[in-house]
Amino acid sequence: MATEGDVELELETERPPEKPRKHDSGAADLERVTDYAEEKEIQSSNLETAMSVIGDRRSREQKAKQEREKELAKVTIKKEDLELIMTEMEISRAAAERSLREHMGNVVEALITLTN
């Protein structure tokens, strides 16, 4: 049978031994902080560069899209062709018009594309 003194002894032996503590001058901590600050500065400059590249790419894509829309708007299409595609394919007027304009008013090509 264990007494109260034995229980306390067992609890003390189950604890992991403490590591000896060293007195650090703080140089290692200071080094970590300065490394972190330098990395953060580098990352922020890379981020600015990446954002400008993305912005340039978006503006070029929007410009190309607007130019494409202008080109498509210049294409003349016949009303009969538009109505034929709308009734045969059972699509909206905008979709039929877009398809005709993308195929320069060629009804056959527009229908082939819509069926595929």
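The values are calculated or read from the model by the stated rules, or taken from the named source; none is laboratory data. Every value quoted in this text rests on a predicted model; they were computed, and no experiment measured them. Backbone-built Cβ (ideal geometry, glycine too); neighbour counts: all protein chains shown. Surface areas here come from the heavy atoms of the whole protein model, side chains and all, with no ligands, DNA or RNA. Shrake-Rupley method; radii C 1.70, N 1.55, O 1.52, S 1.80 Å.
Here are some residues: ALA50, ALA64, ALA94. Which one is loosely packed, with under 10 Cβ neighbours inside 10 Å, part of a helix (DSSP H, G or I) and among the aliphatic types (A, V, I, L, M)? One residue alone meets the criteria, ALA94. From the list GLU88, GLU80, the one residue that fits, being more than 36 Å from the chain's Cα centre (by Cα) and either outside any helix (DSSP H, G or I) or loosely packed, with under 11 Cβ neighbours inside 10 Å (or both), is GLU80.
Within the stretch 67-77, the set of residues being assigned to a helix (DSSP H, G or I) and exposed (fewer than 10 other Cβ atoms within 10 Å of the Cβ) comprises LYS70, ALA73, LYS74. Whether a residue is part of a helix (DSSP H, G or I), among the hydrophobic types (A, V, I, L, M, F, W, C), open to solvent by less than 60 Å² (accessible area, probe 1.4 Å) and in contact with a helix residue (DSSP H, G or I) (Cβ under 7 Å, 6 or more places away or on another chain) was assessed, and LEU111 passes this test.
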